[in-house]
Each structure stands twice: as C-alpha cells, then as structure tokens.
Amino acid sequence: MCRVHRTLALLLVLAACKPETSIDDYPCPPEGTKLTYDSFGRDFLAQNCQTCHGQSSGDRKGAPSSFDFGTLDDVRDHKARIFARAAADNVTMPPGPDDPPSSARYKLAEWLACGAP
Ligand code: HEC
C-alpha cells in the first residue's frame, strides 16, 4: 500500500473508533434546563427516532424491539444509550442521511443530562 492509502485507511479507522461522549461527561447546567418532554423531547424522538424505534412502527429497519422511546419512562430508562448514540457530538443515530441539526443534538444532551424533565 502506498503511503497516502495507508494514511487514509488509518484516518478511517480513527474516525470509526471515536469514543462516544457519555452522559456522565455532560453535566446539566447549574441553572438547570428549560427543556421538557412536552416542549422538546417528545417531538424530537417522534421526528428522529420513532419511525424505527416506535412500538407501532411497521418497519423497524432492524431497531431492537427492546428500544422503544414512546413514553417518558422509556426515554428515562434508556437515557444513557440515547445520549451515547444521538446527543451532543454523538451522531450514530439516526443511521442514514436525515440527521437532526447539531443544535437539536445539543438540546437533547442538555435535556437528558438534566434527567429528562
Ligand atoms: C432508520 C431506522 C432508525 C432510526 C430512525 C433510529 N434508529 Fe436507533 N437503531 C436502529 C437500528 C437498526 C439499531 C440496531 C443497530 C445498532 O445498534 O446500530 C438501532 C439501535 C439503537 C439503540 C440500541 C443500541 C445501543 O447503542 O444501545 C439505541 C439506544 C438507538 N438506536 C437510539 C436511537 C435514537 C436516540 C434515535 C433518534 C435520534 C434512533 N435510534 C433512530 C435503527 C434506527
């Protein structure tokens, strides 16, 4: 392999191995959050996740049946994994091109870090 190819291969491996930012690394701001399930969480999950993760989803596209985010209790149960896949700079969910904007991912991070009120 020539040097350029080797460098590219290494970069790809590094990009794929970026460690997840954990919910434990992302503190709730001292003043708390104004975001709530009603004002933010429900719509964010409905728009970006529930097409595959919803209980009534006809085609889950392989999303595990144990990961439904249809109620606030579901979201709180899974908040560390939701964070690790979709919040802050974590972008492995949703898979595919229809990503929510980064600003929405940081709102999700704040809301989850504050306990998903
Ligand atoms: C296009 C369908 C699709 C959408 C939309 C989608 N997912 Fe997934 N999800 C999957 C599939 C397939 C898997 C199993 C493979 C994997 O883990 O990558 C999965 C697995 C998961 C898991 C369990 C695995 C783990 O890492 O703990 C979590 C949590 C998750 N998704 C969160 C989300 C969140 C949060 C959203 C919305 C921001 C979302 N997903 C949107 C298809 C989807």
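Just a few scattered comments:
- Selection count where residues are in contact (Cβ under 8 Å) with a residue 12 or more places away in the chain and not hydrophobic (A, V, I, L, M, F, W, C), scope the range 62-84: 5
- Members of the range 90-117 that are of a type in the set (D, E) and modelled with pLDDT under 95: D98, D99
- Contacts under 7 angstrom Cβ, first residue in the range 96-117 being over 17 Å from T36 (Cβ atoms), partner assigned to a loop (DSSP other than H, G, I, E, B), 6 or more apart: D99/V91; R105/A87; R105/A88
- Members of the range 71-97 that are touching a helix residue (DSSP H, G or I) at 6+ places or on another chain (Cβ under 7 Å) and not hydrophobic (A, V, I, L, M, F, W, C): K79, N90, T92, P94
- The helices (runs of 4 or more DSSP H) falling completely within the range 47-90 that include 2 or more residues that are surrounded by fewer than 17 Cβ atoms within 10 Å (Cβ to Cβ) and under 16 Å from the mean Cα position of the chain (by Cα) map to 72-77, 79-86.
- One residue alone among D77, D38, D43 is more than 8 Å from the ligand (Cβ to nearest atom), modelled with pLDDT of 95 or more, closer than 21 Å to E20 by Cα and of a type in the set (D, E), and that residue is D77.
- When residues of the range 101-113 are limited to those that are buried (at least 17 other Cβ atoms within 10 Å of the Cβ) and not acidic (D, E), the one nearest to C28 (Cα to Cα): A113
A quick yes/no check of all residues on (1) more than 9 Å from the ligand (Cβ to nearest atom); (2) at pLDDT 95 or above; (3) more than 21 Å from W111 (Cβ to Cβ); (4) hydroxyl-bearing (S, T, Y):
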position: K18; (1), (2), (3), (4): yes, no, yes, no
position: I23; (1), (2), (3), (4): yes, yes, no, no
position: Y26; (1), (2), (3), (4): yes, yes, no, yes
position: E31; (1), (2), (3), (4): yes, yes, no, no
position: G58; (1), (2), (3), (4): yes, no, yes, no
position: S66; (1), (2), (3), (4): no, no, yes, yes
position: L72; (1), (2), (3), (4): yes, yes, no, no
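The values are calculated or read from the model by the stated rules, or taken from the named source; none is laboratory data. Computed from a predicted model, the values in this text were never measured in an experiment. Don't worry about glycine lacking a Cβ; one is built from the backbone with ideal geometry, like all the others, and counts go over all protein chains shown.
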